[in-house]
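So the structure is just underneath, and the comments pick up after that.
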Amino acid sequence: MKKMFLFLLIFFLFAITVSSVSFFVSEREFVIVTQFGQVVQVIKEPGLAFKKPWFINQVHRMEKRTQVLDTQIIQLLLGDKNPVILSCYVLWRIKDPQQFFIRLQNPLTAASKLEAMVTSHLGGILSDYSLPNILKVAQYGMATSSSLMEIERQVREKTNASTLIEYGIEVKDIGIQRLAYPSQVTEAVYERMRAERRKEANKIRAEGLEQATKIRARTDKEAAEIFSKAKGEAEVIKGEGDRVAMETYAKAYGKNQEYFQNRLSPPQN
C-alpha cells in the first residue's frame, strides 16, 4: 500500500511538473511566453511547446484568425458641413503578435484603438466630399458605387498603414454598412433625389421625342418615294393603255372606214 501511495504521489508530482513546463498551441492561435512581464518567446506554429514553470513564465494566447469589428454608429461632417450618419465593419487580424501584445495586450483594447483610428481616417476622407457627391455614392441607401468603394479603399489603406506599424494589426477590409442623413438634411436629400429623377426622366423623354421625329421623317420620306414611284408607274401604264387604244382604233378604222364615217358624222335633219 505504501509503495502504491508513493507511486501515485510521484506520478502526480511528475504530471504537475510536466504540465507546468509544457503546453499545446492550436493552429488557430498565437502564443506569447513572458518572463516577469517581458516577452521571451513567440510561438506561431501549432504543436507542443515548452516553457519554464508557471511562477517564472506565463502563457498568453491570441486569436490568429480574422476578426470582425462593427463600429458604433457615428455622425461626421462632409466638406460642405452637411452631417451624415454611418457605421462600418472592419476585418482585421494579428500580423505581428509580439507588437500586438506589447502595445495592446488584448482584443478589447485592440477594438477600441482600431475603431478610433477608422473614425479618424473616415472623418478626414469624408471632408473632401459634399452632399451631392454622397448622394451619387449612396443613392437609395445602397452602398454599391465605385465612389463609395474608393472611400472604403482610402480608409482601409490609411488605417492599415497605421495599425500595422503601431499595433501589429493587419486591416484586411473596411466597408460602410450603413449610411443615412439626419433629419435636418433629409428633405434636401429627397429633393436632390427627385431632381435627379426628373433630370433623368426629361432626358429619356427628349431622347424619345428625338427618335419619334426621326422615325416620322423617315416614314414621310419613304411614303413620298412610294407615292412618287406609284404615280410614275401609273402614268406609264396609262400611256401604254392610250397607245394600245389608238392602235386598236386605227386597226378597226382601216377595216371598215365607211362604218366609222357614218358613226362619227353628225346626224342629218
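The values are calculated or read from the model by the stated rules, or taken from the named source; none is laboratory data. Treat the numbers as computed from the prediction; the structure is a model and nothing was measured. All Cβ positions, even for glycine, are placed from backbone atoms using ideal geometry, and neighbour counts span all protein chains on display.
Below are the figures for this structure:
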{"quantity": "Answer from 178, 197 - the residue that is modelled with pLDDT under 85, out of contact with any Cys (no Cβ under 6 Å at 6 or more places or on another chain) and outside any helix (DSSP H, G or I)", "calculated": "178"}
{"quantity": "Qualifying position, being out of contact with any Leu (no Cβ under 7 Å at 6 or more places or on another chain), aliphatic (A, V, I, L, M) and in contact (Cβ under 8 Å) with a residue 60 or more places away in the chain, among 102, 43", "calculated": "102"}
{"quantity": "Output for the stretch 158-169, where each listed residue is surrounded by fewer than 15 Cβ atoms within 10 Å (Cβ to Cβ) and in contact with a helix residue (DSSP H, G or I) (Cβ under 9 Å, 6 or more places away or on another chain)", "calculated": "165, 166"}
{"quantity": "Matching residues in the stretch 82-115 - criterion: being polar (S, T, N, Q), surrounded by fewer than 18 Cβ atoms within 10 Å (Cβ to Cβ) and closer than 14 Å to residue 181 by Cα", "calculated": "87"}
{"quantity": "Residue among 68, 118 that is in contact with a strand residue (DSSP E or B) (Cβ under 7 Å, 6 or more places away or on another chain), surrounded by fewer than 15 Cβ atoms within 10 Å (Cβ to Cβ), without any contact (Cβ under 8 Å) to a residue 60 or more places away in the chain and of a type in the set (A, V, I, L, M)", "calculated": "68"}
